[in-house]
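*Asks:* Starting off with a structure, shown below.
The values are calculated or read from the model by the stated rules, or taken from the named source; none is laboratory data. All values derive from a computational prediction rather than experimental measurement. Using ideal geometry, Cβ is built from the backbone for each residue, glycine included, and neighbour counts are taken over all protein chains shown.
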There are 2 protein chains.
Amino acid sequence: MADRTAQGPRGENLLFLTDDQLRKAIEAMFFAYQGFTADPDRILSEKGFGRAHHRALHFINRSPGTTVNNLLGILGVTKQSLNRVLRSLIAAGFVEVRVGDKDKRERHLFLTEDGAGLEKMLSEAQRARMRAAFREAGPEAVTGFRTVLEQMMDEESRRMFQRLKDGA
Amino acid sequence: MADRTAQGPRGENLLFLTDDQLRKAIEAMFFAYQGFTADPDRILSEKGFGRAHHRALHFINRSPGTTVNNLLGILGVTKQSLNRVLRSLIAAGFVEVRVGDKDKRERHLFLTEDGAGLEKMLSEAQRARMRAAFREAGPEAVTGFRTVLEQMMDEESRRMFQRLKDGA
DNA sequence: CTTGGAATGTCAACAATGCTGACATAAAAT
DNA sequence: ATTTTATGTCAGCATTGTTGACATTCCAAG
């Protein structure tokens with residue numbers, strides 16, 4: 001392993017910023033994301049669903065009554081793409097739609113009991129892996145992990161993430 | 001923000017392992033990965049390619065002369081899926097194939113000059129974002145980041161990553 | 001040496017999930 | 001009241017994952 005501790009003029013650790021170190025980090029991100037999604041993907045594929053369904057379930061569970069438009073902003077896909085996913089979740093009885101009370105154009109989304117059950121199954125699997133990784137890595141590593149992730153986000157995603165982070 | 005520093009019996013930071021903290025980390029991973037792929041995706045879509053083409057270019061660039069079978073192990077997709085991507089990269093003149101010298105079943109893959117140019121463009125964009133995130137987060141965060149990522153990988157991916165990390 | 005099986009890669013067809021475009025309905029603005 | 005804007009749906013296309021069928025090459029057993 002190359003020396004990681006060379007100090008720059010302002011005491012910064014510069015070797016982290018070599019292209020080679022960055023390339024390794026990029027590859028780590030790629031492989032880690034495979035792991036991140038592997039367990040839920042397995043469960044979903046048995047039920048004929050995909051990763052997009054998981055994302056929808058996650059954010060509906062997190063913000064019950066959210067609208068389609070709301071979800072679009074969070075997920076960063078087109079409404080047409082999301083609509084297809086929602087349609088199949090509704091048809092399968094995992095999601096319930098209620099037409100807006102004040103604004104009748106809006107559709108408010110809720111998990112059914114079954115939907116909540118599936119969401120729990122998926123997020124339990126994902127949390128279990130995350131928990132194990134965090135335990136192995138230790139609390140300081142986890143803090144660093146979250147710091148870097150936040151910096152990697154687009155401005156818009158970061159705002160969304162912040163807004164979700166503290167309640168909402 | 002909730003207190004992050006509660007200490008467990010063995011001095012471990014246990015609050016990180018609450019479901020709520022884990023859920024936030026999961027969301028951070030989701031949004032960060034969007035950012036991670038955003039810049040290359042933009043470039044690729046202009047050229048009529050997708051993320052799968054980027055991955056192939058990356059690993060061919062990294063290990064010139066690698067075989068199709070080799071790439072399959074790294075990318076974790078089926079050979080049929082990879083084959084389609086390679087076919088279009090070859091047709092576009094970005095990748096060159098040489099039939100194996102010893103084993104004529106094998107196809108060895110190389111980037112053409114154009115392919116190397118495109119790969120450089122894509123990886124420069126991705127590295128720029130990573131570099132900026134690392135700079136903002138600081139060296140200790142980066143160490144933690146990489147530690148956690150490595151722990152999140154599947155066993156097989158971790159072995160692959162380790163093998164790639166040190167030469168090879 | 002021949003033959004049968006294993007390894008490598010290609011082609012075809014299907015599914016999930018992005019996308020754009022056209023449209024219906026409800027709300028808001030003029 | 002009519003036009004414009006916002007929200008959501010439906011249809012069709014592209015990318016990229018999948019499985020299945022097949023061709024070629026290598027290797028090992030007889």
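*Asks:* I'd like the residue in the range A:80-127 that is small (G, A, S) and under 15 Å from A:H58 (Cβ atoms) and, out of all such residues, is surrounded by the fewest Cβ atoms within 10 Å (Cβ to Cβ).
*Replies:* Our first condition is that a residue be small (G, A, S); within the range A:80-127, this holds for A:81, A:88, A:91-93, A:100, A:115-117, A:123, A:125.
When the remaining residues are screened for being under 15 Å from A:H58 (Cβ atoms), the result is A:115-117, A:123, A:125.
Numbers: A:G115: 22, A:A116: 16, A:G117: 12, A:S123: 21, A:A125: 16.
Checked the range A:80-127; the qualifying residue surrounded by the fewest Cβ atoms within 10 Å (Cβ to Cβ) is A:G117.
*Asks:* Continuing with this model, one more query. Quick check on my filter: what residues within the range B:40-62 are more than 17 Å from A:V77 (Cβ to Cβ), under 14 Å from the mean Cα position of the chain (by Cα) and not aliphatic (A, V, I, L, M)?
*Replies:* Within the range B:40-62, B:P40, B:H53, B:H54, B:R55, B:H58, B:F59, B:N61, B:R62 qualify.
*Asks:* For B:H108, indicate whether it is of a type outside the set (S, T, Y) and either assigned to a helix (DSSP H, G or I) or at the interface with chain A (Cβ under 7 Å from one of its Cβ atoms) (or both). Quick ask: steps written out before the conclusion?
*Replies:* On the way: of a type outside the set (S, T, Y): yes; either assigned to a helix (DSSP H, G or I) or at the interface with chain A (Cβ under 7 Å from one of its Cβ atoms) (or both): no.
In short, no.
*Asks:* Quick one: count up the residues across the range A:50-79 that are within 8 Å of DNA strand C (Cβ to nearest atom) and either not assigned by TED's automatic domain parsing to the domain that holds A:E113 or not polar (S, T, N, Q) (or both). Let's see the steps before the verdict.
*Replies:* Residues of the range A:50-79 that are within 8 Å of DNA strand C (Cβ to nearest atom), as a first pass: A:50-55, A:75-79.
Those left that are additionally either not assigned by TED's automatic domain parsing to the domain that holds A:E113 or not polar (S, T, N, Q) (or both): A:50-55, A:75-77, A:79.
Residues flagged as within 8 Å of DNA strand C (Cβ to nearest atom) and either not assigned by TED's automatic domain parsing to the domain that holds A:E113 or not polar (S, T, N, Q) (or both) within the range A:50-79 amount to 10.
*Asks:* Confirm whether A:K102 is among the charged types (D, E, K, R) and within 10 Å of chain B (Cβ to nearest Cβ). Please lay out each step first, then the result.
*Replies:* On the way: among the charged types (D, E, K, R): yes; within 10 Å of chain B (Cβ to nearest Cβ): no.
Answer is no for this residue.
*Asks:* Confirm whether B:P40 is touching a His at 6+ places or on another chain (Cβ under 7 Å) and more than 12 Å from DNA strand C (Cβ to nearest atom). Spell out how you get there, then give the answer.
*Replies:* Working: touching a His at 6+ places or on another chain (Cβ under 7 Å): yes; more than 12 Å from DNA strand C (Cβ to nearest atom): yes.
Spelling it out, B:P40 is indeed touching a His at 6+ places or on another chain (Cβ under 7 Å) and more than 12 Å from DNA strand C (Cβ to nearest atom).
*Asks:* Can you find a residue that is part of a helix (DSSP H, G or I), among the hydroxyl-bearing types (S, T, Y), free of Cβ contacts under 8 Å to residues at least 60 places away in the same chain and in the same structural domain as A:R51 (by TED's automatic domain parsing) anywhere in the range A:85-92?
*Replies:* Within the range A:85-92, the subset part of a helix (DSSP H, G or I) is A:85-91.
Imposing the further condition that a residue be among the hydroxyl-bearing types (S, T, Y) reduces the set to A:88.
Filter once more, so that each one left must be free of Cβ contacts under 8 Å to residues at least 60 places away in the same chain: A:88.
Filter again for in the same structural domain as A:R51 (by TED's automatic domain parsing), leaving A:88.
Yes, because at least one residue in the range A:85-92 is part of a helix (DSSP H, G or I), among the hydroxyl-bearing types (S, T, Y), free of Cβ contacts under 8 Å to residues at least 60 places away in the same chain and in the same structural domain as A:R51 (by TED's automatic domain parsing).
*Asks:* Residues B:G138, B:G93: which one is more than 11 Å from DNA strand D (Cβ to nearest atom), farther than 17 Å from A:E27 by Cβ and within 10 Å of another protein chain (Cβ to nearest Cβ)? Please lay out each step first, then the result.
*Replies:* On the way: B:G93 fails: within 10 Å of another protein chain (Cβ to nearest Cβ).
B:G138 is the lone residue from the list that is more than 11 Å from DNA strand D (Cβ to nearest atom), farther than 17 Å from A:E27 by Cβ and within 10 Å of another protein chain (Cβ to nearest Cβ).
*Asks:* Quick one: would you say A:L109 is touching a residue at least 40 places away in the same chain (Cβ under 8 Å) and either over 15 Å from B:R23 (Cβ atoms) or outside the structural domain of A:R55 (by TED's automatic domain parsing) (or both)? Don't jump to the end; show me each part of the working.
*Replies:* Values: touching a residue at least 40 places away in the same chain (Cβ under 8 Å): yes; either over 15 Å from B:R23 (Cβ atoms) or outside the structural domain of A:R55 (by TED's automatic domain parsing) (or both): yes.
Criteria met by A:L109.
*Asks:* Take the conditions within 16 Å of DNA strand D (Cβ to nearest atom) and free of Cβ contacts under 8 Å to residues at least 12 places away in the same chain and apply them to A:D103. Does it pass?
*Replies:* On the way: within 16 Å of DNA strand D (Cβ to nearest atom): yes; free of Cβ contacts under 8 Å to residues at least 12 places away in the same chain: yes.
Yes.
*Asks:* Okay, moving on. Given (1) out of contact with any helix residue (DSSP H, G or I) (no Cβ under 7 Å at 6 or more places or on another chain); (2) away from chain B (no Cβ under 14 Å); (3) in contact (Cβ under 8 Å) with a residue 24 or more places away in the chain; (4) surrounded by fewer than 19 Cβ atoms within 10 Å (Cβ to Cβ), where does A:I43 come up short, assuming only one miss?
*Replies:* Result: A:I43 fails condition (1) only.
*Asks:* A follow-up question, please. Tell me yes or no: at least one residue of the range B:51-58 is away from DNA strand D (no atom under 12 Å from the Cβ), at pLDDT 95 or above and either in contact with a helix residue (DSSP H, G or I) (Cβ under 8 Å, 6 or more places away or on another chain) or away from every other protein chain (no Cβ under 14 Å) (or both). Give the steps one after another, and end with the answer.
*Replies:* Just the residues of the range B:51-58 that are away from DNA strand D (no atom under 12 Å from the Cβ), to begin with: B:58.
Of the ones still in play, those that are also at pLDDT 95 or above are B:58.
From what's left, either in contact with a helix residue (DSSP H, G or I) (Cβ under 8 Å, 6 or more places away or on another chain) or away from every other protein chain (no Cβ under 14 Å) (or both): B:58.
Yes, there is a match, as at least one residue in the range B:51-58 is away from DNA strand D (no atom under 12 Å from the Cβ), at pLDDT 95 or above and either in contact with a helix residue (DSSP H, G or I) (Cβ under 8 Å, 6 or more places away or on another chain) or away from every other protein chain (no Cβ under 14 Å) (or both).
*Asks:* If you go through the range B:56-78 one residue at a time, how many are under 18 Å from A:D20 (Cβ atoms) and outside any helix (DSSP H, G or I)?
*Replies:* So the answer is 2.
*Asks:* Looking only at the range B:20-39, decide whether some residue is over 26 Å from A:R129 (Cα atoms), at pLDDT 95 or above and surrounded by 12 or more Cβ atoms within 10 Å (Cβ to Cβ).
*Replies:* Start the filter on the range B:20-39 by keeping residues that are over 26 Å from A:R129 (Cα atoms), which leaves B:39.
Narrowing further to those that are at pLDDT 95 or above: B:39.
Still in the list and also surrounded by 12 or more Cβ atoms within 10 Å (Cβ to Cβ): B:39.
Yes, that holds for at least one residue.
*Asks:* Okay, next question. Going by the conditions given, is B:L118 touching a helix residue (DSSP H, G or I) at 6+ places or on another chain (Cβ under 7 Å) and assigned to a helix (DSSP H, G or I)? It would help to see each step written out before you state the result.
*Replies:* Numbers: touching a helix residue (DSSP H, G or I) at 6+ places or on another chain (Cβ under 7 Å): yes; assigned to a helix (DSSP H, G or I): yes.
Taking the combined requirement at face value, the residue satisfies it.
*Asks:* Does B:F36 satisfy being under 14 Å from the mean Cα position of the chain (by Cα), among the hydrophobic types (A, V, I, L, M, F, W, C) and within 13 Å of DNA strand D (Cβ to nearest atom)?
*Replies:* On the way: under 14 Å from the mean Cα position of the chain (by Cα): yes; among the hydrophobic types (A, V, I, L, M, F, W, C): yes; within 13 Å of DNA strand D (Cβ to nearest atom): no.
The answer is no for B:F36.
*Asks:* With near DNA strand C (Cβ under 8 Å from one of its atoms), at pLDDT 95 or above and either of a type in the set (A, V, I, L, M) or closer than 13 Å to B:R55 by Cα (or both) as the only criterion, which of B:L82, B:L111 stands out? Steps first, answer last, please.
*Replies:* On the way: B:L111 fails: near DNA strand C (Cβ under 8 Å from one of its atoms).
From the options B:L82, B:L111, the qualifying one is B:L82.
*Asks:* Restricting attention to the range A:93-105, which residues are assigned to a loop (DSSP other than H, G, I, E, B), of a type outside the set (F, W, Y) and touching a helix residue (DSSP H, G or I) at 6+ places or on another chain (Cβ under 8 Å)? Full working, then the answer.
*Replies:* Step one: filter the range A:93-105 for residues assigned to a loop (DSSP other than H, G, I, E, B), giving A:93-94, A:100-105.
Then drop every residue that is not of a type outside the set (F, W, Y), which leaves A:93, A:100-105.
The answer is A:G93, and nothing else.
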